[in-house]
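The values are calculated or read from the model by the stated rules, or taken from the named source; none is laboratory data. This one's a predicted model, so the numbers in the text were calculated from it and none came from an experiment. Neighbour counts run over all protein chains shown; Cβ positions are idealised from the backbone, glycine included. What goes into the accessible areas is simple: the full protein's heavy atoms, side chains included, and nothing from ligands, DNA or RNA. Shrake-Rupley method; radii C 1.70, N 1.55, O 1.52, S 1.80 Å.
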Amino acid sequence: MNSDAIKLDPSWLAAIGSEFDQPYMQKLKQFLLEEKTLRHSVYPHGDHIFNALNATPFDRVRVVIIGQDPYHGEGQAHGLCFSVQSGVALPPSLINIYKEIAAEYGCAILKSGDLTRWAKQGVLLLNATLTVRAGQAGSHQNKGWEAFTDAAIRAVNDRRESVVFLLWGAYAQKKGAFIDRTRHAVLTAPHPSPLSAHRGFLGCGHFRAVNDYLIQHGQKPIDWVGE
């Protein structure tokens with residue numbers, strides 16, 4: 001991949017643009033071209049692949065939520081982890097996220113699954129893998145995306161201050177193991193999936209904890225409940 005051809009926010013290009021010139025990204029580009037040649041549908045659509053980075057510029061990152069894979073159903077993925085576009089049915093994990101917010105803030109379950117409103121407030125909603133083949137979960141894992149998203153997380157860790165990292169589930173916790181806990185806050189819980197949410201995600205108190213930390217460090221809290 002050539003960084004000159006990538007539509008990426010300038011602040012992120014300055015932070016990690018050199019990754020596009022690395023051999024692993026060249027191999028990833030070739031793999032994605034092969035998927036297209038084989039006429040596989042790939043989600044999200046091309047203009048949404050880097051949506052997490054474009055919606056939350058590097059110099060505005062205050063919270064990081066690490067996901068694993070984009071949704072692999074038609075019309076779901078749009079480049080923000082756990083998020084779906086307005087009008088799309090809420091996925092089970094997002095329902096549990098909304099249940100936790102409702103419990104913490106005493107509000108109704110949110111209706112829109114589009115988390116762009118969080119991204120614009122500085123919440124980086126980053127999947128480890130930025131693309132997936134339609135209907136095949138995990139199909140684009142171990143093709144290079146993980147190294148790229150590691151670089152993005154490492155840049156935030158190294159160059160930003162007092163960021164809150166939310167690591168839900170074993171995968172996210174392993175991916176974020178290198179985060180400097182002396183300079184940032186790291187909150188861990190089971191994944192919000194229905195398979196594990198009852199083991200400690202529900203009741204984790206993370207959304208209020210994020211805002212408590214941000215306020216303590218002179219930052220505005222995140223409006224989790226507005227739509």
Item to check | Those residues of the stretch 77-96 which are of a type outside the set (Gly, Ala, Ser) and open to solvent by 20 Å² or more (accessible area, probe 1.4 Å), in sequence order | outcome: 82, 85, 88, 90, 92, 95
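This table checks each residue for (1) outside any loop (DSSP other than H, G, I, E, B); (2) open to solvent by 40 Å² or more (accessible area, probe 1.4 Å).
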position	(1), (2)
14	yes, yes
24	yes, yes
36	yes, yes
39	no, yes
72	no, yes
75	no, no
Checklist entry - Residues of the stretch 131-177 being touching a Pro at 6+ places or on another chain (Cβ under 7 Å) and part of a loop (DSSP other than H, G, I, E, B), which ones? => result 131, 169
Checklist entry - Exactly one of (1) farther than 17 Å from residue 146 by Cβ; (2) touching a strand residue (DSSP E or B) at 6+ places or on another chain (Cβ under 6 Å) is unmet by residue 13. Its number? => result (2)
Next on the checklist: Let me confirm something: among 31, 20, which residue is more than 16 Å from the chain's Cα centre (by Cα), free of Cβ contacts under 8 Å to residues at least 24 places away in the same chain, assigned to a helix (DSSP H, G or I) and within 16 Å of residue 143 (Cβ to Cβ)?
Outcome noted: 20
Checklist outcome for this item: Going through the stretch 102-116 in order, the residues found to be buried (at least 17 other Cβ atoms within 10 Å of the Cβ) and under 13 Å from residue 224 (Cβ atoms) are 104, 110, 115
Checklist entry - Is it the case that residue 52 is touching a Gly at 6+ places or on another chain (Cβ under 8 Å) and not in a loop (DSSP other than H, G, I, E, B)? => result yes
Item to check | Unmet requirement for residue 130, which otherwise passes all of (1) over 25 Å from residue 45 (Cβ atoms); (2) modelled with pLDDT of 95 or more; (3) open to solvent by less than 50 Å² (accessible area, probe 1.4 Å) | outcome: (1)
Checklist entry - If you go through the stretch 166-179 one residue at a time, do you hit one that is within 16 Å of the chain's Cα centre (by Cα) and closer than 17 Å to residue 222 by Cα? => result yes
Next on the checklist: For the condition more than 14 Å from residue 65 (Cα to Cα), in contact with a His (Cβ under 9 Å, 6 or more places away or on another chain) and surrounded by 16 or more Cβ atoms within 10 Å (Cβ to Cβ), what is the one hit in 189, 197, 172?
Outcome noted: 197
Checklist entry - Does the stretch 88-102 contain any residue that is part of a helix (DSSP H, G or I) and within 12 Å of the chain's Cα centre (by Cα)? => result no
Item to check | Any chance residue 208 is among the basic types (Lys, Arg) and free of Cβ contacts under 8 Å to residues at least 40 places away in the same chain | outcome: no
Checklist entry - Right, residue 99: on the phi < 0 side of the Ramachandran plot, among the basic types (Lys, Arg) and either in contact with a Phe, Trp or Tyr (Cβ under 8 Å, 6 or more places away or on another chain) or surrounded by fewer than 14 Cβ atoms within 10 Å (Cβ to Cβ) (or both) or not? => result no
Checklist outcome for this item: Restricting attention to the stretch 56-70, the residues that are part of a loop (DSSP other than H, G, I, E, B) and basic (Lys, Arg) number exactly 1
Checklist outcome for this item: Among residues of the stretch 57-68 being under 9 Å from the mean Cα position of the chain (by Cα) and not β-branched (Val, Ile, Thr), the residue least open to solvent (accessible area, probe 1.4 Å) is 67
